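*Asks:* Take this structure, written in structure tokens, and hold onto it; I'll ask about it next.
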Amino acid sequence: MQQSIRPASRISGAVRLPGDKSISHRYAMLAAIAQGVSRIRNYSSGADCASTLGALEALGVRIERRPGEVAVHGCGLEGLRPPEQILDAGNSGSTIRMLAGLLAGHPFLSRITGDASLVRRPMDRIIRPLREMGARIRAREDRFPPLEIQGGPLRPIEYELPVASAQVKTCVLFAGLYAPGTTVVREPARTRDHTEIALREFGAEVEVCRRTVSVRGRPHLEARELTVPGDLSSAAFLLAAALLIPGSELLIEGVGLNPTRAALLDFLVSQGADIRVLRLEQQAGEPAGDLLVRHSELRGGCLEGELTAALIDEIPVLAVLGAASREGLTVRDAAELRVKETDRIATLAENLSRMGVRVETAPDGLQAPGGQRFRAAALDSFGDHRIAMACAVAALAAEGESLIAGAEAAAVSFPEFFDLLAQVTC
């Protein structure tokens, strides 16, 4: 699909976003191994979260899809059934990495793979701790999907993540549910804590002390009624559009404001962004509220260390804002971008260069000098949802009509993106 984007005179209006992708994955997986029927409202509409539901159904979980919610009929901690065929995670790294933790605790053989992009993404970061816990795992080149997991009795471990990753942390904690005793994960930098919150909501015993998380094995998990807040990572693209286009004012309603995700807002405000929280409430331990954003001239700055880890998914669109800022944006310690759905450093630099924007790349980052203007161009998502949406934001500020090839990739996380963008673009 090729998407046409014309320059915007302003961004205005009010929008409500689909449910947070990260939270939706976790709620569905925990609901599947809880006792009873969980009802999850505002479950993510993205293809990635649909892949999680499909994989759970293949494992014997009954799932009802209704307008505005899904109902997950839990099977209990050990109730998943051997799949009759290979599990398909689609494009979802979250699905394959987190579900592997549950599969490792079940005494049957399972195989899980994904699309052409996912099978190029390394899985050794979950293979190592799961093997240490007692699971037998085979992988292509001992690193890449498909994964073959022979689960069974697991032992608790104390594991120090070599790289900050909420997905790997979740995989180990989920496997820890099946190990007698306490499983401990230590992080080199704080990552999003949706797993810890969700585990508590379903009844698991979780302790958090700074960057150390522990879970007690063999819990009794109970079904819950839950509402997923709007996805802040999806909101990032609409926030960026409003900040970029003069005269803009946009209200984003009911978005998740978890402190471990709020680094995006903190960083933007530190750069001069006019963003205000108008309402704040708690939804099953997850804070949510309304954001009002107005066009702002940003200073630019630097992302490195823990801040890079916290904003790894938002870097493509932050680079667009950085190129238009006064001082530009420098990104360091972002080698993880090289092994996402695409090599995001390379695909971002390629698209921005087509728009006449200078970007210098490094093995672990990039630098976009400030004060640059965008020109219309033929752009390409390269099959990456975040690249597709970042290109769309840049195109709004271009001096003519841009075309984005592969724009359908946005459906992986945000199927409504182009429709919502059209609604608020004047």
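*Asks:* Per-residue HN-Hα couplings for segment 82-90, Karplus 6.51 cos²θ - 1.76 cosθ + 1.60 at θ = phi - 60°, whole Hz, x for Gly and Pro?
*Replies:* x, x, 7, 9, 5, 6, 10, 8, x
*Asks:* Right, another one. Suppose every Lys and Arg Cβ carries +1 and every Asp and Glu Cβ carries -1, with no other charges. What dipole size does the chain come out with about its Cα centre, to the nearest 20 debye?
*Replies:* Dipole magnitude for the chain comes out near 440 debye.
*Asks:* Moving on to the next point. Find the eigenvalues of the gyration tensor of the Cα atoms of the chain, then list the square roots of 5 times those eigenvalues as equivalent ellipsoid semi-axes, largest first, in whole angstrom.
*Replies:* On the way: eigenvalues 261, 97, 80 Å².
Value: 36, 22, 20 Å, ordered largest first.
*Asks:* Placing +1 at every Lys and Arg Cβ and -1 at every Asp and Glu Cβ, with all other atoms neutral, what dipole size does segment 272-354 have around its Cα centre, in debye to the nearest 20?
*Replies:* That gives a dipole near 300 debye.
*Asks:* Now for a different question. Defining a contact as two alpha carbons under 8 Å apart and six or more residues distant in sequence, what relative contact order in percent does segment 21-215 show?
*Replies:* 18 percent
*Asks:* From the residues CYS391, ALA405, GLY371, which one has its Cα farthest along the dipole of segment 371-413 in the positive direction, the dipole being from +1 and -1 charges on Cβ of Lys/Arg and Asp/Glu about the Cα centre?
*Replies:* Toward the positive end, the furthest listed residue is GLY371.
*Asks:* List the GluC sites (Glu not before Pro) in segment 324-356 that DSSP assigns to loop (not H, G, I, E or B) and whose Cβ has at most 15 other Cβ atoms within 10 Å. Which are they?
*Replies:* On the way: sites: GLU327, GLU336, GLU341, GLU350; in loops: GLU327, GLU341.
Passing both the DSSP loop test and the Cβ count: GLU327.
*Asks:* Here's something else I'd like to know. Counting other Cβ atoms within 10 Å, which GluC sites (Glu not before Pro) in segment 145-241 have at most 14 and lie in a DSSP loop? Each step should come with its number before you reach the end.
*Replies:* Working: sites: GLU148, GLU158, GLU160, GLU196, GLU201, GLU205, GLU207, GLU222, GLU225; in loops: GLU205.
Answer in residue order: GLU205.
*Asks:* Going by how many other beta carbons lie within 10 Å of each one, how would you line up CYS391, CYS426, fewest first?
*Replies:* Listing CYS391, CYS426 from fewest to most nearby Cβ atoms yields CYS426, CYS391.
*Asks:* Can I ask one more? Report the percentage of all Cα-Cα pairs in segment 8-120 whose separation exceeds 24 Å, rounded to a whole percent. Could you put the intermediate results ahead of the total?
*Replies:* Values: 1652 of 6328 pairs.
Considering segment 8-120, 26 percent of its Cα-Cα pairs are separated by more than 24 Å.
*Asks:* Could you give me the ³J(HN,Hα) list for segment 370-386, computed from phi with Karplus coefficients 6.51, -1.76, 1.60 and θ = phi - 60°, whole Hz, x at Gly and Pro?
*Replies:* Here the 3J(HN,Hα) series is x, x, 9, 10, 9, 10, 4, 7, 8, 10, 8, 6, 6, x, 10, 4, 6 Hz.
*Asks:* To one decimal place, what orientation-averaged projected area in nm² is obtained for the convex hull of the Cα set of segment 371-426?
*Replies:* Reported value for the Cα convex hull: 4.0 nm².
*Asks:* Could the peptides 121-127, 1-7 be put in order, highest first, of the mean number of other beta-carbon atoms found within 10 Å of their residues?
*Replies:* Per-residue mean Cβ counts within 10 Å order the peptides as 121-127, 1-7.
*Asks:* What is the local net charge at PRO153, summed over the other residues whose Cβ is closer than 12 Å to its Cβ (Lys, Arg +1; Asp, Glu -1)?
*Replies:* Every neighbour counted, the sum reads +2.
*Asks:* Counting helices only, and only those DSSP H runs with n ≥ 4, report the 222 nm mean residue ellipticity of the chain as the sum of -39,500 (n - 2.57) divided by its residues, in deg cm²/dmol to the nearest 500.
*Replies:* Values: 13 runs with 133 residues, N = 426.
About -9000 deg cm²/dmol.
*Asks:* Taking R0 as 45 Å, what FRET efficiency do you get between GLU297 and ARG81 from their Cβ-Cβ distance, rounded to the nearest 0.05?
*Replies:* Efficiency, rounded to the nearest 0.05: 0.20.
*Asks:* Still on this model: Once you charge only the Cβ atoms, +1 for Lys and Arg and -1 for Asp and Glu, what is the size of the charge dipole of segment 126-278 about its Cα centre, to the nearest 20 debye?
*Replies:* The dipole magnitude comes to about 660 debye.
*Asks:* Fully extended, how many nm does the chain gain between THR361 and GLU306 (0.36 nm per residue separation, minus their Cα-Cα distance)?
*Replies:* The span from THR361 to GLU306 would gain 17.8 nm if fully extended.
*Asks:* Under a 10 Å cutoff between Cα atoms, tell me which one of LYS21, LYS340, LYS169 has the largest fluctuation in the Gaussian network model of the chain.
*Replies:* Fluctuation is largest for LYS340.
*Asks:* Now for a different question. Roughly what % antiparallel, to the nearest 5, for the DSSP beta bridges in the chain?
*Replies:* Working: 57 of 78 bridges.
About 75 percent, rounded to the nearest 5.
*Asks:* Using the Karplus equation 6.51 cos²θ - 1.76 cosθ + 1.60 (θ = phi - 60°), what ³J(HN,Hα) coupling, rounded to whole Hz, does each residue of segment 167-184 give in order, writing x for Gly and Pro?
*Replies:* Ordered by residue, 3J(HN,Hα) equals 5, 5, 4, 5, 4, 5, 5, 5, 4, x, 4, 9, 9, x, x, 10, 9, 10 Hz.
*Asks:* What FRET efficiency do you get for ARG186 and GLU225 if R0 is 41 Å and r is their Cβ-Cβ distance, rounded to the nearest 0.05?
*Replies:* Once rounded, the FRET efficiency stands at 0.80.
*Asks:* Given R₀ = 35 Å, FRET efficiency for ARG138-GLU207 by Cβ-Cβ distance, to 0.05?
*Replies:* 0.55
*Asks:* With each pseudo-label sitting 7 Å past Cα toward Cβ, what's the GLN150-ARG16 distance in nm, one decimal?
*Replies:* According to this spin-label approximation, the distance is 5.0 nm.
*Asks:* Please report the relative contact order for segment 109-162, taking Cα pairs under 8 Å with a sequence separation of at least 6, and give it as a percent rounded to a whole number. Numbers along the way, then the final one.
*Replies:* Details: 75 pairs, mean separation 21.9, N = 54.
Once normalised by length, the contact order is 41 percent.
Rule-based calculations on the coordinates, nothing more; no lab input. Predicted model only: the values in this text are computed from it and were never measured. Every residue, glycine among them, receives a Cβ derived from its backbone with ideal geometry; neighbour counts consider all protein chains shown.
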